[in-house]
Amino acid sequence: MKRIVVLISGQGSNLDAIVRASEAEDWPGRVVAVISNRADAGGLQRARAHGIATEVLDHKAFADRAAFDAALAGVIDAHSPDLVVLAGFMRILTPEFVARYEGRMLNVHPSLLPAFTGLHTHRRAIEQGCKVAGATVHFVCAELDHGPVVAQAVVPVLAGDDETTLAKRVLAAEHVLYPRAVGWFVKGELRLQDGRVTHLGGEPQGWFA
């Protein structure tokens, strides 16, 4: 049984989607711990409702990013994870931390990478006149919002959309996309080679949500 550790900073809706999918689809893997850098993160209560262990590690208690990441790695490793999942974890990670979990750490970003890395993705997509937007699940690398793409979901940008309406549509797509990608990993269905990710069974890795 694969062991998944999820890092959060907020409400944990993607966490909830992943946990529910793992149970409904009977994955050979489960979320064994949820770690947050914020004690008030709503996702902690979601995790507890599922009977999942939770821990809080306040980044403000550490002198710098490197010290926090070193402590975080210790907390993660205590759970012996096969996969680390970033689900709204609002921290920039050091290269040393990323290297520690290379090939076994996933993130979801609310854009069709490599477009619109960083923040304010929905506003920028609207300002640029994009007709579609979406979300990307990728393996984490040292460069922010880069790394081999596992899967992408595309949503339309509608006339009259603002940041809020587009964000809601993209988040709904994430709730399907992220569990699917995590499920592929725990089932051993992904191959990462030369910076490219393929699904061994040939399932589509991009679709319109």
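What follows is calculated from the coordinates using simple rules that are stated; it is not laboratory data. Note that the structure is a prediction, hence the values are computed from the model and not measured. Because the Cβ atoms are built from the backbone with ideal geometry, glycine has one as well, and the counts that use them run over all protein chains shown.
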inquiry  = Just to check I understand the Karplus step: with θ = phi - 60° and J = 6.51 cos²θ - 1.76 cosθ + 1.60, what whole-Hz values come out for the range 136-144, glycine and proline as x?
reply    = 10, 9, 9, 5, 7, 10, 5, 7, 4
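Taking the inverse of the average 1/r across all pairs of different Cα atoms in the chain, what Kirkwood radius in Å do you get?
17.4
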task = Calculate one ³J(HN,Hα) per residue across the range 89-96 by plugging θ = phi - 60° into the Karplus curve 6.51 cos²θ - 1.76 cosθ + 1.60, and present them in order as whole Hz with x for glycine and proline.
result = 8, 8, 9, 7, 9, 6, x, 5
note = Log entry: pair-distance distribution for the range 107-209, C-alpha pairs binned every 10 Å from zero, whole % per bin is 16, 48, 28, 8, 0
task = Compare Val157, Val170, Val149 in a GNM of the chain, Cα atoms joined below 10 Å, and give the one with the largest fluctuation.
result = Val157
key: Under 20 Å from the Cα of Lys2 - lysines, other chains or at least 8 residues apart   = Lys187
ask   = HN-Hα J couplings of the range 53-60 from phi, Karplus 6.51/-1.76/1.60, θ = phi - 60°, integer Hz, Gly and Pro as x?
value = 4, 10, 9, 10, 10, 6, 5, 6
request  = Jot down the per residue volume, in cubic angstrom and as a whole number, of the convex hull over the alpha-carbon atoms of the range 1-101.
outcome  = 85
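Let me know the shape class of the range 60-142, please: from the alpha-carbon gyration tensor, a ≥ b ≥ c as square roots of the eigenvalues, rounded when a/c is under 1.5, otherwise prolate if a/b is greater than b/c, or oblate.
Prolate.
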ask   = So how far apart, in nm, are the two label points at Ala70 and Asp194 if each is 7 Å from Cα heading toward Cβ?
value = 3.9
request  = List every residue whose amide H lies under 5 Å from the amide H of Ala53, counting only residues 5 or more places away in sequence or on a different chain, with H placed 1.01 Å from N in the peptide plane.
outcome  = Val34
ask   = How much length is gained if the chain between His146 and Trp207 is pulled fully straight, taking 0.36 nm per residue apart and subtracting their Cα-Cα distance, in nm to one decimal?
value = 20.0 nm
note = Once the in-chain neighbours fewer than 8 apart are removed, the lysines whose Cα is under 18 Å from Lys168 read Lys131
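What does the net charge come to around His120 if you take all other residues with beta carbon closer than 15 Å to its beta carbon, with K and R at +1 and D and E at -1? Could the numbers behind the result be given before it?
Details: positive: Arg123, Arg124; negative: Glu127, Asp145, Asp161, Asp162, Glu163.
Residues near His120 contribute -3 overall.
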query = On a 0 to 90 degree scale, rounded to 10, what angle separates helix 163-186 from the longest Cα axis of the chain?
reply = 50
ask   = Non-local amide H neighbours of Lys2 (under 5 Å, H modeled in plane, Pro and chain starts lacking H): which ones?
value = Gly29, Arg30
